[in-house]
Each structure stands twice: as structure tokens, then as C-alpha cells.
1. Give me the angle, in degrees from 0 to 90, between the Cα long axis of helix 530-543 and the longest principal axis of the Cα atoms of the chain, rounded to the nearest 10.
2. What is the Cα coordinate range of segment 213-268 on the first, second and third principal axes, sorted by size from largest, in whole angstrom?
3. For segment 213-268, what is the relative contact order in percent, using Cα pairs closer than 8 Å and at least 6 residues apart in sequence?
4. In whole Å, how far is the Cα centre of segment 217-266 from that of segment 136-195?
5. Which net charge results when you count Lys and Arg as +1 and Asp and Glu as -1 among the other residues whose beta-carbon is under 14 Å from that of SER126?
6. Which of the chymotrypsin sites (Phe, Trp or Tyr not before Pro) across segment 174-283 are loop residues per DSSP, with 16 or fewer other Cβ within 10 Å?
7. Name the trypsin sites (Lys or Arg not before Pro) in segment 87-183 that are in a loop by DSSP and that have at most 14 other C-beta atoms within 10 Å, would you?
8. Given a cut-off of under 8 Å on Cα pairs at least six residues apart, what relative contact order in percent is computed for the chain?
Amino acid sequence: MSAPVSDAAPGQLSHRQILTVLSGLMLGMLLAALDQTIMASAMKTIADQLHGQTIQAWATTAYLITATISTPLYGKLSDIFGRKPMYLTAITFFLVGSVLSGISNSMYELAAFRAVQGLGAGGLMSLALAIIADMVPPRERSKYQGYFMAVWGLSSVAGPVVGGAFAGVGTFAGITGWRWVFLLNVPIGIVALIVVARFLNVPHRRVAQRVDYWGAIALTVGLVPLLIVAEQGREWGWDSGRSLLMYAIGVIGLVAFVFVEKAMGDAALLPLRLFRRQTFSLTNVVNFVMGVGMFGLMMSLPLYLQIVKGASPTESGLMTLPMTFGILVAATTSGRAIAKSGRYRKFPIFGLAATVAALFLFAQITVDTPVWATMLIMVLAGAGLGLCMQTLILAIQNDVPVKDMGVATSSATFFRSIGGTVGTAVFLSILFSVVGGRISDAFAAVKNDPAFLSALQSNPQFAHGMTGGTGIDLNNTSFLSTLDPTLARPILSGFASSLDTVFLVGGCVTLVAFGLIWFLKEKPLSNKSGLQRAADERAAAEATDAEPAPVALH
């Protein structure tokens, strides 16, 4: 039996009804969160078996492009047509893409099918948060959003373990092991579809508004080339002809997007009037900058654990448990405090301060830094992220009109994703720009060391491969696990020093976000959910003899 909305209290759902819907939303979000982490540990095996190691990046790029582009589109369409049909659409796209990816027979097929998956992933995160905003007042919302943080924490640990396990088995249940990385989504997605279809029955007034197709096209033209060059620029060369062409097309597309949005007014995919709201514009700038720094951390930490400390992808996933712990504790604690006090501004300030401090501390780690010390810094970094992520979304949701809840929520995810893409591209470029020189310097520092010279004589093949300080192939570091520790140490020192530079730059970038967040003006949190606010608006319309639009269940 469906969970109806009480007639006595329009727009008010019971705690049990909210948790029932929440279970379906969490399963949908688990699909997107798990997919991002499970692929990392399985991708090498997948690329080997599909004979596409050199083009494997396109499987990630295709997913990233469609997920990023579709995020604001889902938000706007959900404001027009309702959250339920759009969330079901997102799950369906993701399931279809998962099945197709699981049966792909070439890397090009996998890239195409991952693009279909991305079309679904773009709506899973942002719409889940928008639906919670519909059902729960801002003052209580952080407590429920903490469940979503738990999903991300679970995926960050379970993803590498599950991905590594399936990639490591030849077959499972008669199917090639790596294919289960995608097919595992099917039962989870089906349950999510059933729960959402049956229980997500909330009132929605369909908005008689045009769909901004031209805005979507212009945004696609603007972002796709820039996302491609962000992923491929290091290989192409940032000033190569292909990269310059991508920059030019992207700028033209973004300029066209601004003109289209201005012409579309309220019907715009991302209404420009929202940027006149100080909280909306400032918070999204912070989201973008924080995304840059956050992904610098997320990208660098596994590299440190796997290359410098010699951990496997599965082991490095387990080693990041302290960060997950920090995220969960901070998100849960701040959620309860916000519900009790109604104040939220101090939490992103403390959170960004903690994140900056963690990044600067990570910039001091070396080859010899004990793992326990690194894990303590992870707790601090996790606490910082846990205090920031949900609170920034809450600030945006509390600031905008009910009719813009979907597009406003999706904008937070959108800008953070764009920041993450930029951050990953920039920090990988920094890493591989300096690591060669740092390794050469490390070898130069030990070239007269008796222990190093003795080890070098015992490994003539390695000695022969070194020319001009280093002749090492940095595209494949698996040889470090079997290399003499004395010979490996300069390489590990070079990587550790290079990653310190990445962490340092990430800390400086996040420091900018910390400076900006002080300008956030705290607006009192409403005690009414989006549904209740919408019901009040309908009542006000009836009181002024306005003809209200019909209410339909979506």
C-alpha cells in the first residue's frame, strides 16, 4: 500500500514514510556512489581483457561527460514534471547502461554504454537531495542527509574491495568476473525502482513551462570539449592544436549558453536570476573551489598509499576508513546540532578550516611517515568534508523558492563536479610535471651511497635502464613491488615529494574557499518542508481567488 500524504496536514509526512522513501533514494544513490569507486580497482583488468589499455580513459570520460551535462537538466525537468518520474528515469538509464556495459565486447562499446550509465547517474545524487528537501524541513534535513553521507562512506570502502574481488576471479556464476562490476547494479537498481515507484507519492503541481532544449544544447557544446580536454589534455599537450580547438569550442558554447539562459528567463535550464541571490551564487562558487581541492585530495591519497606505501587498491580502500569515519561522525553531529539550534553557518567555516589544515599536513608526509599518522590526518580531512558538503546544499535549498528546489539542488552537485574535473586534471598535470625531476634529484642524492651502488651492481638490468638519472617508465609502477628496496627508495621519495606539492596546492586552493565562506549570510532555517511551503502557496492562491493548478500524484 502506498504511503499517502495526510489530508489534515498538507505536505507533512511521518518519520516512517520519510524513512521508507529514503530507503529507495539511498539505494539509488548507492548505485552512483559505488560505481565511482568500484571501477577504479577493476579498470586495469577490464582494459586488459577488452584489449583497450591505451584508450581506457574514454570509458571514464564518457561517463563523466553525460553525468555532468545531465545533472542540471534533471533538476529543471523535475521542477516542471515532478521528482518521481525523473528519478525513475535516472534509475532506468543507469540500469540499462549497467547491463549494456556488462555485456560489452570492446573498449569502444564500453565507453558508449558508460555514457548511458552517466545519463542516469546525473540525476541519482541531485534528485535524491531535492526529494528530501520536498519532504523534510531545512531544520531537520541535515539529520536525514547524514544517511546519504553514510552511503558515500560505505561505497568508498566497499567499492575497491568488491571491484578488486570481481576483477580477480576468472568467472563467477558462469560469467566473467569483471562483468559483475556492472551487473551487480541490476538487483540494487530493481529494488530502488520498486520502492520509489510504490512509495514516492507526493503532491506536485505541474508547471506550464517550456523546456530549455537550446540551453541544454549550448551547455553541452560548452562543457563537452572542456571536459574532454580536462581528461585528455595531459596526453595531448595543454597547448596542442586539439586542446586549443577544445578551448575555443567550449568558450563559444558557454557564451551561447549565457545568452540563451537570459532569453529564456524563468524557463531557463539554470535561471540567471538565481545568481542574483547572494547565498546561491556564493555557495556555488565555494562548491566549485572546494570541488577542486577536494578531488586533489581524493586523487592523491590513493596514489600515496598504493605507490609510496605499496598497498593494493583493495588495501588502500580499507586504509581510508578513518576518512569515512570522520565524514560520518561530523555529518551526523552537525546534523543534530543544526536541528537543535537552527544555525548552520559555522559548520562549513569549521569544515573548510579542517580540510585546509588536513591538506597542509598531508603536504608534510614522506616515505617514512607511519600509516597511523596518515590515518589521523584522514580523520581530520573527513571531518572537514562531513561538516561542509551537506551544509552547503542545505544553505542553497533554504535560500531559493520552492519552484526552483530541483534546479538549485542540482546546481550544487553540478558545480562541485565541474570543480572536481578541473581539480583532477590540474593536479595530475602537476604531479607528472614534477615527479620526473624529483626522482632524478633523489637518485642524484644517493649516487655515491655505498649501499645504493652495491644494490645497483646487483641489478644490472635496472642499472642499464637508467639514463640521465632515470630511465623509469612512470606509466606502470608495478615493478616497484619486486625492486630492491634500496633502489626503489629514491623513486618512492620522488613520488612522495611530488604528491606533497599536489597536497600543498590543494590546500592553497581550499584556503580560497575558506576565505569566501566567511561572506555567507545565515538565513533562518524554515520549519516547513518543500511540500508544506507549496501547500501554503496554494492556500494563499485560493484565498485571493486565484485558480490553482490541479494537483497530480507523480
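1. Tilt relative to the chain: about 30 degrees.
2. Computed over segment 213-268, the largest-to-smallest principal extents equal 41, 15, 11 Å.
3. 47 percent
4. A separation of 32 Å, based on Cα centres.
5. Numbers: positive: LYS76, ARG83, ARG416; negative: ASP79, ASP134, ASP404.
Here the charged neighbours net out to 0.
6. Numbers: sites: TRP178, TRP180, PHE182, PHE199, TYR213, TRP214, TRP236, TRP238, TYR247, PHE257, PHE259, PHE275, PHE280; in loops: TRP238.
Listed in order of number, the matching sites are TRP238.
7. Values: sites: ARG114, ARG139, ARG141, LYS143, ARG179; in loops: none.
Counting only loop positions with at most 14 other Cβ atoms within 10 Å, none of the trypsin sites (Lys or Arg not before Pro) in segment 87-183 qualifies.
8. On the way: 931 pairs, mean separation 128.2, N = 554.
Once normalised by length, the contact order is 23 percent.
Here, each number is a calculation from the coordinates, and none is a lab measurement. Not measured: the values here are computed from a predicted model. Glycine gets a Cβ as well: all are built from the backbone with ideal geometry, and neighbour counts include every protein chain shown.
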